[in-house]
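Nothing in this text is a laboratory measurement; each read-out follows from the coordinates by a stated rule. Everything numeric in this text was worked out from a predicted model, so none of it was measured. All Cβ positions, glycine included, derive from the backbone under ideal geometry; neighbour counts span all protein chains shown.
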Amino acid sequence: MKTLSTFCLNDTQTLAQSTAVAALSAESPATDAMMSFDHQLRMALPANMPAPEAFNIMDAENSQINYVVNERHEFLGIVGRNWLSADSLAKYVDKAHGPSSWTVSDMMLPRYEMLAVAEDELADATVADVLASFRSVQRDFLLVINQRGNVCGLLAAEDILQRMRQQPNAQHEVSVLNILQQIRQSHNLEKQVING
């Protein structure tokens, strides 16, 4: 098993477009685990959209994670549906800021706080390698950058777990679940990210 090399992004990376979604096993190619950017499969939310409106869109499409983009379609970060829920927003409501005053950009995990891996490196890796990398870098998300330096996809631990559950082999599911729980417990990764 190997650990993927991670790196930080600069401010000029934008999103590329591609496709994919299927059941996974630990032996699946790592590229199969990538959530590619595609308007038909993964919606990009505008950064200035009110958080409750974005939650309703994600809920209607049963989308757990979406990309956040600015008006020039430049990648700014990611947002999880549960980060936008009424329960989550209630934590930040005060006399001056009601739930509708929070935008997607206030609730997103920004690009500069995320680590990335090169798409080329995924070619020789498996899903097990990706999971080991999550553990190594103590993160739940890794951006995937293509040869042109654009964000072309996302590796998300929770998405991988859900897709591995589609496989009949329960042993892999338990192993992945244990990895996710260890990461989250030891590094408090479930905490909400707020900017502003």
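For this structure, a couple of remarks:
- With θ taken as phi - 60° and the Karplus curve 6.51 cos²θ - 1.76 cosθ + 1.60 applied, the whole-hertz 3J(HN,Hα) list for region 138-150 is 6, 9, 9, 9, 9, 6, 10, 10, 7, 5, 7, x, 9 Hz, x standing for glycine and proline.
- Sequence-distant residues sharing a close amide H with Val69 (under 5 Å, placed H): Leu45, Ala47, Leu76
- For the peptides 110-123, 60-73, 134-147, the ranking by packing is 134-147, 110-123, 60-73, with the highest mean count of neighbouring Cβ atoms within 10 Å listed first.
- Length gained on full extension, Asn70 to Gln138, computed as 0.36 nm times the residue gap minus the Cα-Cα distance: 21.7 nm.
- In this structure, the amide hydrogen of Met35, modeled 1.01 Å from its nitrogen in the peptide plane, lies closer than 5 angstrom to those of Leu154, Leu155, Ala156, counting only residues at least 5 positions away or on a different chain.
- Phi-derived couplings, Karplus 6.51 cos²θ - 1.76 cosθ + 1.60 at θ = phi - 60°, listed residue by residue for region 155-165: 9, 10, 4, 5, 5, 4, 4, 4, 6, 6, 5 Hz, with x used for Gly and Pro.
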